[in-house]
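Reviewing the structure listed below.
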Amino acid sequence: MKPEEVKRMEDEEDEEFVGLNVDTSLLEVVQVLFKTEPEVEVFYDGFIERIESDKRLRKNQGNRQRMNQAFIDELLKYHDIDTINNALNDNSVEDNLVSGEDEKNVDKLLRKTFKNKTEFRMFMTHISQYMMENGDSPVEAAAKAMKVMGKSDAEILAITSVIDKVF
């Protein structure tokens, strides 16, 4: 037998999603992808705004497939498709990150690739510039930056593979 307060809280949570005709698995993914309550609120506010502003969605809220697609489109504003798929398939996001021994290898790789701090700062400046001006992904921007700096293909591949793991 559950205390009355717990029952009331569970009912309130369910009421929040009554209007959303979205698969439960997609709703659960939000909790995995967004770590803080404000992030979750911003996501749902954006999704609800999308429903209200899209005439087709507003009129067809009973169409689960259309609502699922709109929900995924909203998720894609914040995360890439691989991250969403990993969350849907219960693959931890942290599994893809660099850690422990790999971190030491990354440090060695950076020291070997870049002669000094100034060269590394220049690399970071190029990455920022390419990402902001051209809308490049971190990996694309890193590859272009290293090409401009005259790095070898092997060095470019090593650095971009590390960046790909992180992002």
Using each residue's phi in segment 128-136, evaluate 6.51 cos²θ - 1.76 cosθ + 1.60 at θ = phi - 60° and report the 3J(HN,Hα) Karplus result to the nearest Hz, with x for Gly and Pro.
4, 4, 5, 5, 6, 6, 9, x, 5
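Multiply the residue separation of D90 and S53 by 0.36 nm, subtract the distance between their alpha-carbon atoms, and state the gained length in nm to one decimal.
Computed gain between D90 and S53 is 10.1 nm.
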Per DSSP, loop trypsin sites (Lys or Arg not before Pro) in segment 22-82 with at most 10 further Cβ within 10 Å:
K35, K77
Order the following by accessible area, largest value first: F114, F120. Probe radius 1.4 Å; ligands, DNA and RNA are ignored.
F120, F114
Tell me, what HN-Hα J-couplings in whole Hz come from the Karplus equation 6.51 cos²θ - 1.76 cosθ + 1.60 at θ = phi - 60° for each residue of segment 159-165, using x for Gly and Pro?
5, 5, 5, 5, 5, 4, 5
For segment 46-52, in residue order, the Karplus 3J(HN,Hα) values (coefficients 6.51, -1.76, 1.60; θ = phi - 60°; whole Hz; Gly and Pro = x) are x, 5, 5, 4, 4, 4, 5
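The values are calculated or read from the model by the stated rules, or taken from the named source; none is laboratory data. Computed from a prediction, not measured in an experiment: that's the story for all the values here. Positions of Cβ are generated from backbone atoms using ideal geometry, with glycine treated the same way; all protein chains shown enter the neighbour counts. Just so you know, the surface numbers come from the protein's heavy atoms only, side chains and all, with ligands and any DNA or RNA stripped out. Shrake-Rupley method; radii C 1.70, N 1.55, O 1.52, S 1.80 Å.
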